[in-house]
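Here's the structure, in structure tokens; my notes come after.
The values are calculated or read from the model by the stated rules, or taken from the named source; none is laboratory data. This structure is a prediction, so every number in the text was calculated from the model and none was measured. Cβ: placed from backbone, ideal geometry, glycine included. Neighbour counts: every protein chain shown.
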Amino acid sequence: MARPAAKTDDLTAIEARREQLKRELAELDERAKAATLAAKDAGREIFLTALGRVKIPAMDRSQAKVIAKAIEKHGGESIARHLEALEAT
């Protein structure tokens, strides 16, 4: 019984395809990075609009930074739940 002929691959074509795929992956990485950054800042406009509609008593820079960092680290939903519980007391 005859063996099927081994498929011969063109090394130049393989290397060219590999380089094309590397470029496509690099482009996808850049797009993913941009999308991630946009998602991290997606709530800014809504939050700033809400801040513009309420009275905010004086606070120093460190207090404002702590609040902003908490929102960044824990997310708006978690912070809102904690603030609602605080408001209920």
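Figures for the structure shown
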{"item": "Residue count, region 58-89 (criterion: farther than 22 Å from Lys40 by Cβ, at pLDDT below 95 and assigned to a loop (DSSP other than H, G, I, E, B))", "result": "1"}
{"item": "Answer from Thr49, Thr36 - the residue that is more than 21 Å from the chain's Cα centre (by Cα) and either assigned to a helix (DSSP H, G or I) or modelled with pLDDT under 95 (or both)", "result": "Thr49"}
